[in-house]
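Working notes for the structure below.
The values are calculated or read from the model by the stated rules, or taken from the named source; none is laboratory data. All values derive from a computational prediction rather than experimental measurement. Cβ placement follows ideal geometry from the backbone for every residue including glycine, while neighbour counts extend to all protein chains displayed. The accessibility values were calculated without ligands, DNA or RNA, using every heavy atom of the protein model including side chains. Shrake-Rupley method; radii C 1.70, N 1.55, O 1.52, S 1.80 Å.
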Amino acid sequence: MSLRDFLSKQFIDVIDWVEPEDGILAYRYPMQDREIQNGGKLTVRDSQFAVFVNEGKVADTFGPGLYTLNTQTLPILTYLKNWDKAFQSPFKSDVYFFSARTQTDQHWGTPNPITIRDKEFGAIRLRGFGIYSYHLAEAKTFYSKISGTRDLYRVADLEGQLRNTIVAKMTDAFATSQVPFLDMAANQGALADKITEQLKPAFAEYGISLDTFNVENLSLPDELQKVLDQRISMNVIGDMGKFTQYEVAQSIPIAAANEGGGAVGIGAGLGAGMAIGQTMAEAVKNSAASAQAPGGGPAAPAAAGTASSAATKFCSECGKQIPRASKFCPECGKPQA
């Protein structure tokens with residue numbers, strides 16, 4: 001090395017890093033051909049770690065603080081380089097900074113529905129999404145398993161791995177929770193706690209710590225949601241006979257508004273509504289009588305019941321069954337045609 005080269009050689013006296021933006025987990029301090037001056041200063045700010053790497057091996061790790069770089073503060077590096085106590089010359093070593101700030105508002109979700117076994121519905125497919133937060137806890141582990149020798153490692157680079165880990169552990173949690181789907185909405189907090197217990201060891205393997213995990217929504221795919229809605233509707237309907245009368249009463253104005261208009265249209269609509277109502281009512285009545293008849297066979301229709309049906313009609317307003325000769329409905333008072 002010539003005298004000019006020696007004089008122009010750059011030495012590093014101060015090593016520090018200020019995060020220029022959010023979303024950076026690891027940063028390699030630019031060394032190039034520069035050497036670290038013996039006795040130089042290392043500044044590690046709060047929520048940071050610094051790692052010295054020598055010939056591909058992690059040597060020394062530093063937490064927040066101000067350090068003077070010498071054989072006392074670099075014991076492992078001193079051992080690896082076989083320095084004596086009188087070490088005074090500059091040295092080279094790769095230096096990495098790691099951000100230990102909490103990474104908030106991280107989103108997770110199931111790209112495809114996951115299949116689980118439900119206590120009430122059997123096998124169902126479930127979707128879910130929410131948010132979580134974490135921070136880097138072990139810089140050495142994170143360097144060895146995740147970031148490696150990259151100059152810059154961002155939060156986005158780790159997002160896919162963490163999301164897939166969450167979905168896998170969430171499936172295991174659902175399989176062992178034994179909580180029916182209809183009860184999951186009321187137990188999302190407890191479910192999130194159970195998933196958190198399974199996620200923390202998985203995150204720790206990467207050198208990071210899971211701080212919070214929240215389940216914001218659980219839902220079924222559209223086709224399964226329609227089936228569930230139908231089941232809920234049937235439970236809400238309850239008495240099928242009363243529901244049939246309601247449907248008939250609702251259909252009468254629609255039938256009366258069909259083509260033909262006037263009294264003919266009204267009469268046709270009323271007749272169609274009465275015919276539909278009587279048919280469905282008789283079907284419900286016969287089904288109930290069949291269930292009550294001895295031997296399970298259909299019960300014989302009563303003549304009196306037939307005569308009664310012939311002597312009655314349905315109110316065009318409220319759908320109640322009234323005497324055929326009535327000019328006004330005794331239930332709602334609506335004039336009858």
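Points worth noting:
- Once the Cα gyration tensor of the stretch 1-121 is diagonalised, semi-axes √(5λ) in Å: 42, 16, 14
- Net charge contributed by nearby residues that have their C-beta within less than 14 Å of LEU218 (K/R +1, D/E -1): 0
- Computed FRET value (nearest 0.05) for PHE129 with THR102, which takes r as the C-beta separation and R₀ as 25 Å: 0.75
- Förster radius 30 Å - calculated FRET efficiency between GLU19 and GLU197, Cβ distance, rounded to 0.05: 0.45
- Links that overshoot a 19 Å alpha carbon limit, given the list LYS57/LYS145; LYS169/LYS194; LYS41/LYS145; LYS57/LYS140; LYS57/LYS200: LYS41/LYS145; LYS57/LYS200
- If the segment from GLU159 to ASN82 were pulled out straight at 0.36 nm per residue, it would be longer than the present Cα-Cα gap by 23.6 nm.
- With 0.36 nm allotted per residue and the present C-alpha distance subtracted, the LYS140-ALA325 stretch has 57.2 nm of extension available.
- Charge sum, other residues only, whose C-beta stays under 15 Å from GLY56's C-beta, Lys/Arg counted +1 and Asp/Glu -1: +4
- Solvent-accessible area, 1.4 Å probe, carbon plus sulfur percent, for the stretch 1-130: 49 percent
- Pairwise FRET efficiency - ASP46 versus PHE121, Cβ, R0 = 51 Å, nearest 0.05: 0.50
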